1. Yes or no: Asp255 among the acidic types (Asp, Glu) and free of Cβ contacts under 8 Å to residues at least 40 places away in the same chain?
2. Being more than 22 Å from Gly144 (Cβ to Cβ), part of a helix (DSSP H, G or I), modelled with pLDDT of 90 or more and not hydrophobic (A, V, I, L, M, F, W, C) is true for just one of Glu296, Glu226. Which residue is that?
3. Within the range 275-292, track down each residue that is in contact (Cβ under 8 Å) with a residue 60 or more places away in the chain and hydrophobic (A, V, I, L, M, F, W, C).
4. Would you check if there is a residue in the range 159-180 being over 20 Å from Lys227 (Cα atoms), of a type outside the set (D, E, K, R) and in contact with an Asp or Glu (Cβ under 6 Å, 6 or more places away or on another chain)?
5. Sort out which residues of the range 113-172 are surrounded by 13 or more Cβ atoms within 10 Å (Cβ to Cβ) and hydroxyl-bearing (Ser, Thr, Tyr), and write them in order of number.
6. Scan the range 112-121 residue by residue and report those that are modelled with pLDDT of 65 or more and either within 16 Å of Arg291 (Cα to Cα) or in contact with a His (Cβ under 7 Å, 6 or more places away or on another chain) (or both).
7. For the range 171-190, give me each residue that is small (Gly, Ala, Ser) and over 21 Å from Lys208 (Cβ atoms).
Amino acid sequence: MYKELKDIEEYLDEDGVLLPEDLFEFEANEEDKALKQDPDISRSGSRFTGELHDSIFDTISEGASKPGNDLAPVMVEPTETEIWEEETEAEGLQQASLNLEEMIDDPVRMYLREMGRVPLLKAREEKQLARNLEEGRFVKRIEGDWHDLHQDYPTPVDLAISVLTMLGQAAPFIIALQEELGLPGCPGITQQISAPKLRSSIDGEIAKSFLEGVALRTSSESYETEKTLKELSLLLAIIPQQLLEVVDGDCCLSDLADMASKPQFRQKLELLEAALRAHWDCTRKAGERARRHLVEANLRLVVSIAK
């Protein structure tokens, strides 16, 4: 409060207006002069004093209304145009918010409608898609192992050599499968691994007794045997027929890994590079399509349950 009074005093002093302590002294002097001229005028009822008061207060009011004066801020009422503009802006913001909610909501509804058109899978279809997905991932895993070992991405020929090497390493389990199933020995690799009875024994769920029999013949643990047979099932599924035709008749199954590492054999495979590339690409793409199809079918199932 004291600071505000000092500001008013400084402002009045700058504009040449009498300060409060000077006001009474000036007023008394003027009234003394008036009394000398007209003794009938009383100090308490001086007309001059009233006019002086009015003059001083008018001066203060005019100074308070000058531009730049912060002592008496002026409150300006908004015009009708400004009120209308503010209301219009508020309505626009509200509409924009509603539009944003619709933009977020519409794609979700559209996607749910699309999912509603996807047919539900039958058990056989779901198993086939799951199988294609596993085969595609298996090819990618072999490529990843090659990259980790050689610090480079494999060519289609490199991938073929890796597959044949893995097939040769699995020879003891293939022989154990033939013995457990009572299959006769076959001269060619293609006939050995293509026997329908052998393939069906490992492509689906493997019976526990059968698994224990193969584990006993290979002197391995049951969990290790199960893992090896599942990988063998995928391995036999992704081998291209052209590759089997190259190796068939040249060696036995147990010598396949050694033959695949020879430079002369690699030169034979390089003649099939285009066909091998197309085969690996097809397997990967089939796996990716199967993944998308399974995701959409599962979402379709969720939508049907939600309804």
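1. Working: among the acidic types (Asp, Glu): yes; free of Cβ contacts under 8 Å to residues at least 40 places away in the same chain: no.
No: the conditions fail for Asp255.
2. Glu226
3. Leu276, Trp280, Ala286, Ala290
4. Start the filter on the range 159-180 by keeping residues that are over 20 Å from Lys227 (Cα atoms), which leaves 159-161.
Then keep just the ones that are of a type outside the set (D, E, K, R); that gives 159-161.
Keeping just the survivors that are in contact with an Asp or Glu (Cβ under 6 Å, 6 or more places away or on another chain) gives none.
Within the range 159-180 (the criterion being over 20 Å from Lys227 (Cα atoms), of a type outside the set (D, E, K, R) and in contact with an Asp or Glu (Cβ under 6 Å, 6 or more places away or on another chain)), the answer is no, since none of the residues qualifies.
5. The answer is Thr155, Ser162, Thr165.
6. Passing the criteria: Val118, Pro119, Leu120, Leu121.
7. The first filter runs over the range 171-190 and keeps only residues small (Gly, Ala, Ser), leaving 171, 176, 182, 185, 188.
If the condition is that a residue be small (Gly, Ala, Ser) and over 21 Å from Lys208 (Cβ atoms), then Ala171, Gly185, Gly188 are the ones that fit.
A quick yes/no check of all residues on (1) surrounded by fewer than 15 Cβ atoms within 10 Å (Cβ to Cβ); (2) part of a helix (DSSP H, G or I):
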{"site": "Gln191", "(1), (2)": "yes, yes"}
{"site": "Ser201", "(1), (2)": "no, yes"}
{"site": "Ile206", "(1), (2)": "no, no"}
{"site": "Val246", "(1), (2)": "no, yes"}
{"site": "Asp255", "(1), (2)": "yes, yes"}
{"site": "Met259", "(1), (2)": "no, yes"}
{"site": "Trp280", "(1), (2)": "no, yes"}
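The values are calculated or read from the model by the stated rules, or taken from the named source; none is laboratory data. These numbers come from a predicted model, not from an experiment. Cβ sites come from the backbone with ideal geometry, for glycine too, and all protein chains shown count toward neighbours.
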